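> One structure, as structure tokens, below. Some questions next.
Nothing in this text is a laboratory measurement; each read-out follows from the coordinates by a stated rule. Because the structure is a prediction, the values reported are computed rather than measured. Positions of Cβ are generated from backbone atoms using ideal geometry, with glycine treated the same way; all protein chains shown enter the neighbour counts.
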Amino acid sequence: MLTDAVLFEILELAWIEAAYALLELKILDDARVQAALEHLLAVIKNIDEARHLRNARRAETEVRH
């Protein structure tokens, strides 16, 4: 199970990766920049959804005990 610290580290790395990608793409067309941003948003949403699911399971387990 991933801890919050690990999830936030993954999120931070995703932001850093996206920043470098955008720096590299600055000379290219806006469609490629838009695609990079959409990919980053999908990664962030997946991390956030996983965190919410994990927290819900944790709360459910605590209620049982």
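> Kindly establish whether Ala35 is surrounded by 11 or more Cβ atoms within 10 Å (Cβ to Cβ) and either out of contact with any helix residue (DSSP H, G or I) (no Cβ under 9 Å at 6 or more places or on another chain) or assigned to a helix (DSSP H, G or I) (or both).
So Ala35 passes the test.
> Among the residues of region 38-59, write down those that are of a type in the set (Lys, Arg) and surrounded by 12 or more Cβ atoms within 10 Å (Cβ to Cβ).
Correct list: Arg51, Arg54.
> Next question, about the same structure. When you scan region 18-32, do you find a residue that is exposed (fewer than 10 other Cβ atoms within 10 Å of the Cβ), in a helix (DSSP H, G or I) and of a type in the set (Asp, Glu), even just one?
Looking for residues that are exposed (fewer than 10 other Cβ atoms within 10 Å of the Cβ), in a helix (DSSP H, G or I) and of a type in the set (Asp, Glu), one finds at least one in region 18-32, hence yes.
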